[in-house]
Amino acid sequence: MTEQPPHSPSASPHRKTGMVLSGMAVAMLCLGFASKPLYDTFCRVTGYGGTTRVAEIASTTILERKITVRFDANTRSDLYWSFKPEQVSVEVNIGQNVLAFYTAKNNSDEVLVGTASYNVSPIKAAPYFSKLECFCFTEQRLEPGEEVRMPVLFFVDPLIVEDKRLDEVKTITLSYTFHNVENPGEDAYTSVEREKRLQEIQGLDLLQ
């Protein structure tokens with residue numbers, strides 16, 4: 001009669017624990033990929049993490065209270081562009097629809113496509129900073145040596161005056177960072193699309 005090896009009572013629990021942990025790791029990895037678009041949408045809607053809100057309707061209420069909006073520009077080292085605001089800052093009425101411009105130039109001898117990430121500081125002001133139009137909504141294609149003007153149409157939501165935490169805020173900084181796009185989509189804006197969209201924006205009865 002063949003003697004069976006002694007049974008280890010801990011072998012089965014260890015094996016089950018390993019399987020559970022492996023399953024959790026895979027689930028967390030999948031959730032990370034799946035939740036990125038949801039997280040981005042959540043940030044745009046709520047202003048979480050300094051992300052500005054995207055507005056579908058222009059402001060119709062303009063208050064006497066003013067606030068200064070400062071413009072900041074940065075470019076990652078993987079994108080050989082010059083990028084800067086046309087003006088460093090502007091004083092606006094809360095609720096005023098404002099059109100501002102940034103300029104970008106492709107300093108390389110090849111076509112480059114960039115995309116801009118953005119945020120607002122102080123972070124607590126982000127839910128009240130709303131953009132109607134922005135070059136950051138789409139990828140931007142620049143030909144070699146091409147220099148372009150890129151608009152951002154925004155307003156500071158009048159609801160900001162109801163938030164007592166924001167009473168001390170006199171300046172809001174809108175900051176962009178351009179990144180290189182290695183695999184651009186077909187909808188990247190060219191000079192033709194940019195000019196067409198700019199004419200549409202300037203034709204809107206929004207700017208006071």
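The values are calculated or read from the model by the stated rules, or taken from the named source; none is laboratory data. Quick caveat, the model's predicted, so the values are computed rather than measured. FYI the Cβ positions are ideal-geometry reconstructions off the backbone, even for glycines, and counts take in every protein chain you see.
With respect to Val192, is the statement that it is touching a helix residue (DSSP H, G or I) at 6+ places or on another chain (Cβ under 7 Å) and β-branched (Val, Ile, Thr) true? So Val192 does not fit the description; no. Screening the stretch 55-99 for residues that are of a type in the set (A, V, I, L, M) and touching a helix residue (DSSP H, G or I) at 6+ places or on another chain (Cβ under 6 Å) and picking the one that is surrounded by the most Cβ atoms within 10 Å (Cβ to Cβ) gives Ile94. Scan the stretch 158-168 and give yes if some residue there is of a type in the set (Lys, Arg) and assigned to a strand (DSSP E or B), otherwise no. Checking the stretch 158-168: not a single residue is of a type in the set (Lys, Arg) and assigned to a strand (DSSP E or B).
Examine the stretch 182-201 for a residue that is in contact (Cβ under 8 Å) with a residue 60 or more places away in the chain and surrounded by 20 or more Cβ atoms within 10 Å (Cβ to Cβ), and state whether such a residue exists. Write out each step before concluding.
Within the stretch 182-201, the first condition is being in contact (Cβ under 8 Å) with a residue 60 or more places away in the chain, and the residues that meet it are 184, 188, 197, 201.
Next, only the ones that are surrounded by 20 or more Cβ atoms within 10 Å (Cβ to Cβ) stay: none.
Looking through the stretch 182-201, none of the residues is in contact (Cβ under 8 Å) with a residue 60 or more places away in the chain and surrounded by 20 or more Cβ atoms within 10 Å (Cβ to Cβ).
Give the stretch 139-162 a look and list any residue that's more than 20 Å from the chain's Cα centre (by Cα) and of a type outside the set (A, V, I, L, M), or say none. Hits for the stretch 139-162 are Glu143, Pro144, Gly145, Glu146, Glu147, Pro158, Glu162.
Assess whether Ile160 counts as being among the aliphatic types (A, V, I, L, M), within 18 Å of Glu86 (Cα to Cα) and assigned by TED's automatic domain parsing to the domain that holds Ser108. Considered against the rule, which asks whether it is among the aliphatic types (A, V, I, L, M), within 18 Å of Glu86 (Cα to Cα) and assigned by TED's automatic domain parsing to the domain that holds Ser108, Ile160 comes out as no.
When residues in the stretch 160-195 are screened for being under 19 Å from Tyr102 (Cβ atoms) and either among the hydroxyl-bearing types (Ser, Thr, Tyr) or touching a Leu at 6+ places or on another chain (Cβ under 9 Å) (or both), 12 of them pass. Restricting attention to the stretch 108-125, the residues that are surrounded by 15 or more Cβ atoms within 10 Å (Cβ to Cβ) and farther than 24 Å from Ala58 by Cα total 4. Taking the criterion of being of a type in the set (S, T, N, Q) and not in a helix (DSSP H, G or I), the residues of the stretch 178-208 that qualify are Asn180, Asn183, Thr190, Gln208.
If a residue has to be touching a residue at least 60 places away in the same chain (Cβ under 8 Å) and part of a helix (DSSP H, G or I) to count, how many in the stretch 110-124 make the cut? Residues in the stretch 110-124 being touching a residue at least 60 places away in the same chain (Cβ under 8 Å) and part of a helix (DSSP H, G or I): 1 in total.
Does Ile172 satisfy the criteria of being in a strand (DSSP E or B), in the same structural domain as Phe101 (by TED's automatic domain parsing) and out of contact with any Gly (no Cβ under 8 Å at 6 or more places or on another chain)? In short, yes. Considering only the stretch 82-92, I want to know if a residue exists there that is closer than 18 Å to Ala58 by Cβ and hydrophobic (A, V, I, L, M, F, W, C). Yes, because at least one residue in the stretch 82-92 is closer than 18 Å to Ala58 by Cβ and hydrophobic (A, V, I, L, M, F, W, C). Scanning the stretch 70-106 for residues that are of a type in the set (Val, Ile, Thr), farther than 19 Å from Glu147 by Cα and in contact (Cβ under 8 Å) with a residue 40 or more places away in the chain returns Val92, Ile94, Val98.
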